[in-house]
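*Asks:* The structure's right below; bear with me while I get my questions together.
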Amino acid sequence: MSESIPRSEPVVTPPTSAGPAPRFSVIVPAHGVAGRLSQALDSVLRQSPGGTGTPSSPGGGTPGSGPASASARAGGGAPAIGDGPAIGDGPAIEVIPVCAAPDSLDAGIADRYAHDDPRVRPVWSPPEAGLSGARNTGITAARGDYLLFLDGDDALAPGALDAVAVRLREVGDVDVLCLGHERVHWWKGALPAEDPFPGAPDGAFAPAQAADAPWLTGAELPAWSAAHRRAFVTAHGLAFPAGAYTDVGWGGLEMLAAQRVAVLPRVCVRHLVRRQGSRLREPGEHHFDLLDHVDLVLTRARQGTTTGPHGHGAAPESPGPGASNRPAESPEASDPAPNRPSTSSRAPESTSAGKPIPSSPGSPGSPGSPGSPGSPGSISAGTPDPNSPSTSAPESPSAPASTPASPRDPHSAHAHAHAHGVPRPLPAARLHALFAALMAQVLRTAAAAPVLLPDGAGQVFFDRAGQLYRRHRPIGFHPPMGPFGVQHLLLSTGAYRSFTALRGARQSARRAARGAVSSVARVRARHPRHLALYRAALRRPVDENLAVYCAYWGRGYLCNPAAVHAAAQRLAPGIRSVFLVTEEAAERMPEGVEYAVLGSTGAWDLLARAKYLVNNANFAGAVVKRPGTVHLQTQHGTPLKKMGVEQAEYPVVASQSGSFGGLLARVDRWDFNLSSNRHSTEVWEREFPAEYETLEYGYPRNDVFQSATAADVARIRRRLGVPEDRTAILYAPTHRDYRSAFHAHLDLDAFCAAAGEEFVVLLRAHYFYEDGTRRRFGGRVIDVTAHRSAEEVCLAADALVTDYSSIMFDYANLDRPIVVYADDWDVYREARGTTFDLMECPPGPVATTAAGLAEAFRNGSWAGPRSAELRGRFRERFCAFDDGRAAERVVRRVLLGEPPEVLPPIVPLAERTPAPAARPATPSVLPPGAASGARPGAASDAGPSTASDAASARRPAGAAATPPERPARARGASPAEGRAPAPEAPATRSPAPESPASAAKGPAPAANEPAPTPEKS
C-alpha cells in the first residue's frame, strides 16, 4: 500500500477528453467511513465481464488490496491498491470518491487507489456541506452516461454493473433505473429483502402517469438504489437539497420529472445498516429539514409535470445548490422564531480543490441553467398561507383543510413559466400516493419528537407539519384507516396534545404486551452487592487530577499504558497517576509507581472518581462512563488477525470471545482510540464501531526503539543471558485459537543445529501460554517468555522470526531483519481471519517449512538485499507514526488538552535512527555450492555477495556507513521495562520490584474482570 500522493493544494482530477465517456459514474461520498471505504471501492473496481464479479479473497484479505498488479508481481511485494481485473467487454466505469479534505484519512485512501487505477478520480467537498454537497460535487465531476451513488460503507454486489448494462439494453436509456438492494445489518448480516417494486411493469413506464405504479413516488427511494441518466439530471437542474433527509427531496423531484423509468429487481447494492445508526435517528434541529423537502416536493407536484423535447419530462427545477427551501418573505427564512428553534446558517455548497467547482452549461446550479436561481425555469418554495393558523393557535377541529392560492402564490400551477413545455396536471392517484408517502415520514418523525427534537421543539415541528398538511392536501384525498388515519386527522387539525396522548398510550400498550420486569429485580440484576461501594463513590465529584491506568487485565506495568504513565509523570506531574494490577503482578511493580489491586475497595473508588482512564484492553463491564471523564483505549498491537466484532464471522474464535454485546458496551465508553498506522485506523473503525476519535500518534511503547542506546542493548542482553559473540534470533509465535496449549511449531534445538553455530534463539511465547512453555531446551535456546517487557526482548534480538504475531509490526521499527515462518498460513487465515494477506506484503523472506527457515539463515537471505527491500516496504506501510514521540503526543493531547496543531509532527522514516543491533546482520558465507538448490519452503532470496553489501542493506536510509554510538544515558535514566524511566518520587504503595528476568508467570484476568474479550491479541 503506497503512501498518499503528496500535493501542495487540493486537486480535483479533471475529466479527460481522450477516449469515450464511461457508461457509469459511481459517486462515493467518503467522509467518516474510512474504515470501509476500501471495501466500497473494491466492490466497484472488481466488477467483471459476464456479471460474475470478483469476490473478496477468502479469509479476510486486505480491503483495497485487489489482485496483484503486474508491477507488484514482478517485484514480489504487496499488490497495487485497487488494481482489479480489466473490465474487458463489460461496461466502462469511473469511480469518484468525494473526500472531506485533501489531507483527510479518506482522501489518503482514495489517492492510493487513484495512483494505481486511472478509473478513480477523487474530488473533495468540505464536511460542512454534508451528504448533499458531496453528491452534488460528484455530479459536477461525472462524465458517465449514468450516475450511481454508493455510500462509502456500502458495496455493489458482484456483477451488478453488468446486470445494469444488460437491463438498459433491454429497456433503453430510461431516466431512472430502480435497483434491487438489500440492507446488511452491521451485526446480523443481510436482512430478508422484500420485493421493492410490487406490480412494476416489465419494461419502461412513466411513473407520473402510470396507474399501475402509484407506489413509485420517489419519497422513499434512496438515491443509492437507482441509476440516474446524467443528461436527464443536468437537463432538469436536479441537485440534492441541502440538509438532512436529502433523499426525500431528490427522489420526489426526480420522479416528478422522469418520463421513462424501469426496474431491475436483482440485488445490486448492499447497504450497510450502521451500528452508530443513521443521522436521521440522532436528536437535533436537522429534523426540520424534512419539512423543507416535503414542502418543496409537494409544491412541484401541485404545479404538475411538463413534457419537454423528445418526449422527456421536465418539472419546475429545484433552487440552486445551497439555496434555502424557505421563501425569503416567510417567517421561517428571516426569523426562526416562533416556527423553528434558532439554527446556524446552511453551509456553503460543495467545492472541490478549495474553490467552487466550475459549472458547465446545464449542470446543477450553473448560471442560466434550469434550476439556477433567477433562471427562467427556477422557482422558489411556497410561501406559508397567511390564512393558516399560527403555531400557537389552540386545537381547533374546524381549522381549514386547505386555502386558495393568491394571485402571486408560487404554489399556483400557472404562477411560473416552464422552460421545457406546458405544465400537465399530475394524476390524482399519483398525487395522493405522493402526499401519503411524504406525510408518513412526517408523522414518524413527529411521533419520535421527544427523542429526536430539542426541548419544546416537538410542538413547533408538529404545528409546522400541520400547516404543510393543510396547504398541500390534495382534493379528494382520504386518510388511511386505523390508528394511522387518526394521526392524519390530528395533524390536519393541529391537535398536538391529543397526538402526544395517543402516542403515549400506544407506547404503554407495547410495554405491557412485552411484560414488565419488576423494578426491584432490575436493580438487583444491574447492581451486584459487591459494587455498592463503587455506586456510592460515583456520587462523589470527579477528581480532575486523577488518572487510572491498566494493561492486559492487570498483568503489570506494561505496554502502552505504562509508557503513557511514565510520560505523564514527566509532562503532567500535577496529575496523580495510579496503575491497577492483580495481586500477583503487584509484587513486580517498579519503584515509584503508585498502584492499587484490582477488585479492592481502593481500586473501585479510583475507577469511580478518576477523570482519565487509560487501558490497552478494557475495564470491567460494571465501570460507568461518567460525564466529563476521558477514556483512552491504547490498543496493544497492529491488527493482522480479525478483532472485535469481525471475529463473529469465525466460529472457533467467536465461541471463545464472550459477549460481543458486552464488548460493544465497553467500546462505547472510549473517547480516544490510539493508532500506530493508517492500516490500524481503517481496521479499528470496522472492528470497534463507535463514536470515538482516533489518535494517529503511534504506540508509546515503541518510543524506546528510537531512544535506546547501544549500551542499553548490551545491558539487556546481559540480563537475558545472551552471549556477546552470538547473533540472537527472537522466535515469537502467536496464539492459535484452535489449540488449547502452547505448540512451538518448530523444533528449536534442531533449528539451531541447522542454522549454524553463530545463532542463539530467544523464545517468547504468547502471554496466553506463559505457564505452558516450561520445557528443557538445549544451551542455544533461551526462554524469555516470562520477561515482562516485550520491548526489551526486541532490543536484545538481532533478528526476528515470527509467524503472524503483531510483534512483527513493532520490531520493524528497529529496521532489523525479519523472517516469516508461515507453516500453517492457510489454516490460520481460515480459522482466525486476517485483515490483509501477509504473504503479499511480508516484512522479509517467507519460509513455509522448518528446513526452509534454517536454509534462510544458512545462505544469508535472512539479511540480504531482498530482505531489506521487503522490510522497507513493510515499514512504510506499518511504521509511519512510531517515531519515538508517541507518548508525548498522547499526554499533551489527552491529559493536558493541547490542540492537535501544536503537537510534535511525525518524524519521517528516513530521518529516524533506531537503536543499533548488538551484532550487525552479517550473513554467513557458505562454501561454494553449499546453498545451491533451494529446499521446499525456503525463502527465495539471494544473500549479499560481500559483508559490505549486507551492511548497506541493513543500514537505515540516509544513515552513515558507521553511525557513531550515541552517548549513554545518565545513571537511572534507562527505560524501566524497556520504556521511559520510572518517576523519581518516592513510592506510596510500592513494594520492591522483583527482577523482571526472574518474574513469575503472568496472572490470568482477575475474577472481578470480564472474561477474555474479543480485543485480545
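*Asks:* Non-local amide H neighbours of Ala226 (under 5 Å, H modeled in plane, Pro and chain starts lacking H): which ones?
*Replies:* Amide H to amide H, under 5 Å and 5 or more residues apart or across chains, Ala226 pairs with Phe149, Leu179.
*Asks:* Students often check this: by mean Cβ neighbours within 10 Å, which of 477-489, 846-858 ranks highest, and how do the rest follow? Before the final figure, lay out the partial values.
*Replies:* Details: 477-489: 13.6, 846-858: 22.8.
Packing order, densest peptide first, comes out as 846-858, 477-489.
*Asks:* Further, regarding this structure: Per residue, how much space in cubic angstrom lies within the convex hull of the C-alpha atoms of segment 428-512? Don't jump to the answer; show the numbers that get you there.
*Replies:* Numbers: hull volume 7.6 nm³, N = 85.
Taking the convex hull of the Cα positions in segment 428-512, it is 89 Å³ per residue.
*Asks:* Hey, another quick one. Starting from segment 693-730, pick out the GluC sites (Glu not before Pro) whose DSSP state is loop and whose Cβ has at most 12 other Cβ atoms within 10 Å. Can you show the working numbers first?
*Replies:* Working: sites: Glu693, Glu696, Glu724; in loops: Glu724.
Within segment 693-730, the qualifying GluC sites (Glu not before Pro) (loop, at most 12 other Cβ atoms within 10 Å) are Glu724.
*Asks:* Collect residues whose amide H, placed 1.01 Å from N in the peptide plane, falls under 5 Å from the amide H of Phe579; neighbours closer than 5 in sequence don't count.
*Replies:* For Phe579, the qualifying residues are Tyr549, Glu594, Tyr595, Ala596.
*Asks:* Also, I was wondering about something else. Once phi is turned into θ = phi - 60°, what whole-Hz ³J(HN,Hα) does the Karplus curve with 6.51, -1.76 and 1.60 give for every residue of segment 553-568, x standing for Gly and Pro?
*Replies:* Per-residue couplings from phi come out as 6, x, 6, x, 7, 9, 6, 4, x, 5, 5, 5, 4, 4, 5, 5 Hz.
*Asks:* Amide H to amide H, which residues 5 or more places from Leu695 or on other chains are under 5 Å from it, using H placed in the peptide plane?
*Replies:* Long-range HN contacts for Leu695: Asn673, Leu674, Ser675.
*Asks:* Next up: How do the peptides 138-147, 549-558 rank, highest first, by the average count of neighbouring beta carbon atoms within 10 Å per residue?
*Replies:* On the way: 138-147: 23.5, 549-558: 26.2.
Top to bottom by mean Cβ count within 10 Å: 549-558, 138-147.
*Asks:* Please sort 261-271, 637-647 by packing, taking for each peptide the average over its residues of neighbouring beta carbons within 10 angstrom, highest first. Don't jump to the answer; show the numbers that get you there.
*Replies:* On the way: 261-271: 20.8, 637-647: 23.4.
Final packing ranking: 637-647, 261-271.
No value in this document is a laboratory result; all are computed from the given coordinates. Since the model is a prediction, treat every value here as computed from it, not as a measurement. Note that we place each Cβ from the backbone using ideal geometry, even for glycine, and neighbour counts take in every protein chain shown.
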